1. Out of the residues in region B:207-255 that are farther than 24 Å from residue B:147 by Cα and touching an Asp or Glu at 6+ places or on another chain (Cβ under 6 Å), which is surrounded by the most Cβ atoms within 10 Å (Cβ to Cβ)?
2. With B:66, B:105, B:119 as the choices, which residue is more than 17 Å from the chain's Cα centre (by Cα) and crowded, with 24+ Cβ neighbours inside 10 Å?
3. Filter region B:79-92 down to the residues that are more than 14 Å from chain A (Cβ to nearest Cβ) and more than 15 Å from the chain's Cα centre (by Cα) and list them by number.
4. Within region B:166-190, count every residue that is surrounded by fewer than 17 Cβ atoms within 10 Å (Cβ to Cβ), part of a helix (DSSP H, G or I) and not hydroxyl-bearing (Ser, Thr, Tyr).
5. Kindly indicate whether residue B:146 is closer than 27 Å to residue B:63 by Cα and crowded, with 24+ Cβ neighbours inside 10 Å.
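Rule-based calculations on the coordinates, nothing more; no lab input. These figures come from a predicted structure and were not determined experimentally. Please note: Cβ atoms are built from the backbone with ideal geometry, for glycine as well, and neighbour counts cover all protein chains shown.
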Amino acid sequence: MNRGNRNASRQKNALRAALVLLMLAALVVFGGCGLRSHNTTSGQPSQQTTSQPTSSGQNTGSSNSAAQQIQDADQQVQDAMQSADGAQNDANNANTQAGQENNIVP
Amino acid sequence: MRFKSLLQSAPRHLIALGLAASIALGGAGAATALAAPAHPALPTCTRTDVKCVIAFGDQRIDERTAALTKLNDKANAQVAAGHITSSQASAIQADVTSNQSGLTALKSKLDAETDATAARQDVKTIYTQFRIFAVMLPRDYHEIVLDIMTNVQAKLVGLEPKLQQAIASAPADEQAQLNALYSDFTAKLGAASTQITNANGLVSYFTPSNFDNNLATYRTNWLNFRTAELAGRADLRQAASDLHQMAKILKPSATPAATATPTA
């Protein structure tokens, strides 16, 4: 009977030890994954860090949106005016080439 | 020192001189076409040398065809850059196509001639029927300029509500400057619109027929056209400058104050 009790308690201890080992293994595996994912994101620009200052800005919203549209339009208009200058040069060249219309017949 | 002061005062004088010279050259370019100096490589074909006449005519046709292709490329480039619409370019492309077709047909006729007198008549037709250099190219190149101006003007007018909104939301100490710029902006846009309309109204007059039959009126209209175009461009340039200054003042403040850096 005593021998049987001893065997049973040995089995319980072995089970406990196995459970502890499993838990330790699980901790090591999950911990490793956590560290790995942390390392991966740390190399990229953090969205959270940039979004925080924006939310604390004072002039966000519709006024900033209008201002941004004005900036964009300004850039487009400057480009178009430069293009108009180039087209004007072409037109001036065409004016000076008009002399080639000389009606010469050999 | 004298040179320095001359340089400082030069821009205004140069601009005025440039405008005057540009108008004068533009008008003179079309108007003096018939009285232009002789072609540097003018061949002297004998009276019956039909091949010589054909070769001369072919060269003149090739020059014109190449110039038309260049114009077509320029129009396409402006479409690709988004400065003129496909619809605006199509008028120029149609001009190019019809003139190139006409010149190709004329070349076939010329190349088949066996009589020197008939060949000479074909060469004459290159000038009188097409007027590529005297009429078509100057007119269409200026049309591209006008199309760009029209689109810029419309874009700037479309921006007025946004500007008003942004000015109303701007800090009080910036309002006076912004309102003054906006006032000039709208005035210059109105003036540009008038000049663009005036110039556009004259375009249809510039035809080979009017060049040959009403040269005096053609010259006057051409001069008026160029004057309106240049004035309209000056107005648009000022409006664009007003916008640029307003955009600088109204710069969006989305970036955090701590990391904001001043721009040049």
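1. B:247
2. Criteria check complete, one pass: B:119.
3. B:86, B:87, B:90
4. Within region B:166-190, residues that are surrounded by fewer than 17 Cβ atoms within 10 Å (Cβ to Cβ), part of a helix (DSSP H, G or I) and not hydroxyl-bearing (Ser, Thr, Tyr) number 12.
5. For residue B:146, the condition - closer than 27 Å to residue B:63 by Cα and crowded, with 24+ Cβ neighbours inside 10 Å - is met.
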